[in-house]
Number of protein chains: 2
Amino acid sequence: MTLFALTILGNNSAIPAFGRNPTAQILQMIDESFLIDCGEGTQLQLSKYKIKRSKLNRIFISHLHGDHYFGLIGLVTSLGLLGRTHDLHIYAPAPLQDIINMQLKVADTSLPYQLVFHALKEEGLIVDDKKITVECFKTQHRIECWGFLFRQKKNPRKINADKVKAYEIPAAYYEKLQQGFDYTTKNGTVITNETVTIAAARPKSYAFSADTIYDESLVEKVKDVDLLYHETTYLKDLHERAAARYHSTTYQAATIAKKAGVKKLLIGHFSSKYEVLDDFLTEASEVFPDTELALEGICYKI
Amino acid sequence: MTLFALTILGNNSAIPAFGRNPTAQILQMIDESFLIDCGEGTQLQLSKYKIKRSKLNRIFISHLHGDHYFGLIGLVTSLGLLGRTHDLHIYAPAPLQDIINMQLKVADTSLPYQLVFHALKEEGLIVDDKKITVECFKTQHRIECWGFLFRQKKNPRKINADKVKAYEIPAAYYEKLQQGFDYTTKNGTVITNETVTIAAARPKSYAFSADTIYDESLVEKVKDVDLLYHETTYLKDLHERAAARYHSTTYQAATIAKKAGVKKLLIGHFSSKYEVLDDFLTEASEVFPDTELALEGICYKI
């Protein structure tokens with residue numbers, strides 16, 4: 001089975017509290033790891049959960065509030081000290097590039113690897129690899145803020161070795177079969193694609209919807225994903241405070257999940273005012289039953 | 001007894017390793033707390049060791065290598081979120097001010113308290129309070145780097161209540177007695193100061209000598225202090241690597257302590273290549289017996 005899993009490194013908002021760390025997530029897709037947001041202490045969390053830094057090739061930063069990126073410069077610097085030589089791609093709001101460069105400059109540090117900075121400008125495709133794509137989309141927050149949508153590409157159908165042999169289909173035609181075409185024999189008999197191939201696993205998707213006020217335009221953006229991460233800074237009774245601070249409540253996150261028809265909802269970015277998190281799960285589940293709390297160190301298979 | 005104590009929040013160099021955090025120390029002097037350096041995660045360490053942030057009024061940053069200041073912006077921001085209203089003074093190399101301001105600006109954050117930035121320019125007095133002074137001095141490192149010398153001011157002599165009453169010395173003269181003057185009665189008899197006052201405790205001092213190559217000019221700068229913190233990134237066999245990287249070894253730190261005639265030496269800033277620290281203590285003690293390892297969470301009384 002193709003690896004597609006999300007590990008939570010931090011699930012708290014703003015001020016670290018009750019042992020909860022600020023936002024950071026590792027998404028493993030096939031043979032790459034992606035880091036989504038990088039709150040203070042993320043490099044320590046990577047060590048704690050034994051995440052291989054060598055496989056970390058892309059970092060996505062949603063916005064420039066500290067609890068989402070203050071750990072980035074430490075990680076970038078440490079990767080250099082550890083002798084990394086292969087490229088590291090950062091996708092983030094434009095001003096982050098100056099912040100990083102300024103800090104490298106005052107330290108008189110040249111990284112031994114290439115830091116490739118991609119300033120987020122408009123919604124759409126930002127990564128188009130062999131096996132995956134990543135799109136970014138805007139969310140409504142107090143400052144410029146981006147969500148990210150990770151999709152596996154559709155896998156080719158698998159050749160049924162016994163059947164292609166039995167029907168004497170030439171190997172040169174296998175690629176066509178993988179793409180779903182039927183095969184017509186010399187005497188005109190049509191061998192349907194389903195007869196000689198096996199469907200590949202359905203490509204899956206993960207949406208990280210970042211910090212956001214309740215915003216129904218998100219519904220279209222995260223439609224039908226297998227896993228949606230939506231922030232729930234507050235319980236439902238504090239919807240006024242949530243709106244004032246451009247954050248969401250349990251009910252609001254669950255409503256977006258329901259309207260978007262996602263398979264599963266993961267909630268996080270809990271306010272430091274809450275020590276116990278049980279009510280978050282209870283409230284969100286009332287609206288959208290297939291909800292889970294984003295808990296540090298837990299790996300959620302997608 | 002007057003409070004003068006140092007708590008270590010981090011003792012590692014460069015990359016966090018073996019559960020050791022980057023440099024940060026809390027110096028408690030009388031009723032104030034000073035933070036010396038602020039590596040990533042310092043705000044979490046302050047919580048872990050239950051250090052009251054409300055008493056933290058001055059932060060001293062030695063230099064702009066990340067393991068000495070990457071935790072500062074998180075702390076500064078969190079103090080704002082926690083509703084601090086009283087001034088916070090930062091003493092640091094000049095470029096840090098732009099780095100902080102740029103990060104506050106992109107987050108659209110205005111702090112609810114005044115951040116008073118003091119750019120370090122020349123050696124000498126930087127704080128002159130009622131009861132303490134702080135001086136800064138240059139150390140030899142790869143980039144601009146500063147050490148800090150904290151001194152209690154000389155306390156006034158204490159009035160012996162029984163004696164001043166017995167000699168019928170008027171209260172108006174007590175301040176003179178505290179300053180060390182004798183008292184002459186109306187009939188010309190001299191009451192010596194020692195007869196009616198008690199000597200105050202000797203003022204003490206702490207020197208944080210920051211990151212530095214072995215540098216004998218430090219000897220004069222930290223002469224006779226009660227406690228000297230000196231970095232020992234490497235054991236003595238790696239003196240060539242230490243010099244190349246502008247760091248010090250155990251023998252070198254202990255030699256400075258010995259030549260300066262300090263009362264006690266504290267060593268830290270251990271390289272991530274060492275898991276066990278015993279050899280640091282053994283080697284430094286060979287040259288300067290009154291040495292201790294700077295260990296996280298330990299409070300060293302001065």
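Within region B:193-219, which residues are in a loop (DSSP other than H, G, I, E, B), open to solvent by 40 Å² or more (accessible area, probe 1.4 Å) and farther than 20 Å from B:E240 by Cα?
The answer is B:A199, B:A201, B:R202, B:P203, B:K204.
Per-residue answers, yes or no, for (1) outside any loop (DSSP other than H, G, I, E, B); (2) among the acidic types (D, E); (3) surrounded by fewer than 24 Cβ atoms within 10 Å (Cβ to Cβ):
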site	(1), (2), (3)
B:S33	yes, no, yes
B:L46	yes, no, yes
B:I51	no, no, yes
B:N57	yes, no, yes
B:G74	yes, no, no
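Could you pull out the residue among B:A17, B:A24, B:A5 that is small (G, A, S) and in contact with an Asp or Glu (Cβ under 6 Å, 6 or more places away or on another chain)?
B:A24
Yes or no: region B:181-189 includes at least one residue that is over 30 Å from B:N160 (Cβ atoms), acidic (D, E) and open to solvent by 20 Å² or more (accessible area, probe 1.4 Å).
no
In region A:249-282, how many are assigned to a loop (DSSP other than H, G, I, E, B) and either closer than 15 Å to A:D226 by Cβ or open to solvent by less than 30 Å² (accessible area, probe 1.4 Å) (or both)?
7
Among (1) exposed (fewer than 12 other Cβ atoms within 10 Å of the Cβ); (2) in contact with an Asp or Glu (Cβ under 9 Å, 6 or more places away or on another chain), where does B:A161 come up short?
Tallying (1) exposed (fewer than 12 other Cβ atoms within 10 Å of the Cβ); (2) in contact with an Asp or Glu (Cβ under 9 Å, 6 or more places away or on another chain), B:A161 fails exactly one: (2).
On the given criteria, is A:Q103 under 24 Å from B:H141 (Cα atoms) and not β-branched (V, I, T)?
Criteria met by A:Q103.
Enumerate the pairs (first residue in region B:127-142 and open to solvent by 10 Å² or more (accessible area, probe 1.4 Å); second residue anywhere and modelled with pLDDT under 95) with beta-carbon separation below 6 Å, excluding pairs fewer than 6 apart on the same chain, so at least 6 apart or on different chains.
Final answer for the pair search is B:K131/B:I30; B:K131/B:K153.
Would you be able to say whether some residue in region B:92-101 is of a type in the set (S, T, N, Q), in a helix (DSSP H, G or I), surrounded by 15 or more Cβ atoms within 10 Å (Cβ to Cβ) and modelled with pLDDT of 95 or more?
Taking every residue of region B:92-101 in turn, at least one turns out to be of a type in the set (S, T, N, Q), in a helix (DSSP H, G or I), surrounded by 15 or more Cβ atoms within 10 Å (Cβ to Cβ) and modelled with pLDDT of 95 or more.
From A:F181, A:F117, grab the single residue that is aromatic (F, W, Y), more than 15 Å from the chain's Cα centre (by Cα) and within 27 Å of A:A14 (Cα to Cα).
Within the list A:F181, A:F117, the selection yields A:F117.
Find the residue count for region A:8-26, including only residues that are surrounded by fewer than 23 Cβ atoms within 10 Å (Cβ to Cβ), touching a Leu at 6+ places or on another chain (Cβ under 8 Å) and more than 10 Å from every other protein chain (Cβ to nearest Cβ).
Summing the residues that are surrounded by fewer than 23 Cβ atoms within 10 Å (Cβ to Cβ), touching a Leu at 6+ places or on another chain (Cβ under 8 Å) and more than 10 Å from every other protein chain (Cβ to nearest Cβ) in region A:8-26 gives 1.
Collect the residues in region A:143-158 that are touching a residue at least 60 places away in the same chain (Cβ under 8 Å) and open to solvent by 50 Å² or more (accessible area, probe 1.4 Å), keeping them in residue-number order.
A:E144, A:N155
Which of the residues that make up region B:283-300 are in a strand (DSSP E or B) and surrounded by 13 or more Cβ atoms within 10 Å (Cβ to Cβ)?
Of everything in region B:283-300, those that are in a strand (DSSP E or B) and surrounded by 13 or more Cβ atoms within 10 Å (Cβ to Cβ) turn out to be B:T291, B:E292, B:L293, B:Y300.
Which of the numbered conditions does B:I143 fail, given that it passes all the others? Conditions: (1) away from chain A (no Cβ under 11 Å); (2) assigned to a loop (DSSP other than H, G, I, E, B); (3) at pLDDT 95 or above.
Just one mismatch for B:I143, condition (1).
Could you give me the residue pairs with C-beta distances under 8 Å whose first residue belongs to region A:93-113 and is more than 7 Å from every other protein chain (Cβ to nearest Cβ) and within 23 Å of B:E144 (Cβ to Cβ), whose second residue is hydrophobic (A, V, I, L, M, F, W, C) and assigned to a loop (DSSP other than H, G, I, E, B) wherever it lies, and which are 6+ apart or on separate chains?
A:L104/A:L111
Return yes when A:I126 is modelled with pLDDT of 95 or more, away from chain B (no Cβ under 14 Å), outside any strand (DSSP E or B) and in contact with a Phe, Trp or Tyr (Cβ under 8 Å, 6 or more places away or on another chain) and no when it is not.
Judged against the criteria, A:I126 is not a match.
Here is a yes/no grid of residues against (1) under 18 Å from A:K263 (Cα atoms); (2) not charged (D, E, K, R):
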residue	(1), (2)
A:T185	no, yes
A:V190	no, yes
A:T195	no, yes
A:T212	no, yes
A:D215	no, no
A:V225	yes, yes
A:Y229	yes, yes
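The values are calculated or read from the model by the stated rules, or taken from the named source; none is laboratory data. Remember, predicted model here, so these are calculated numbers, not experimental data. Because the Cβ atoms are built from the backbone with ideal geometry, glycine has one as well, and the counts that use them run over all protein chains shown. Please note that ligands, DNA and RNA were not included when accessible areas were found on the heavy atoms of the full protein model with its side chains. Shrake-Rupley method; radii C 1.70, N 1.55, O 1.52, S 1.80 Å.
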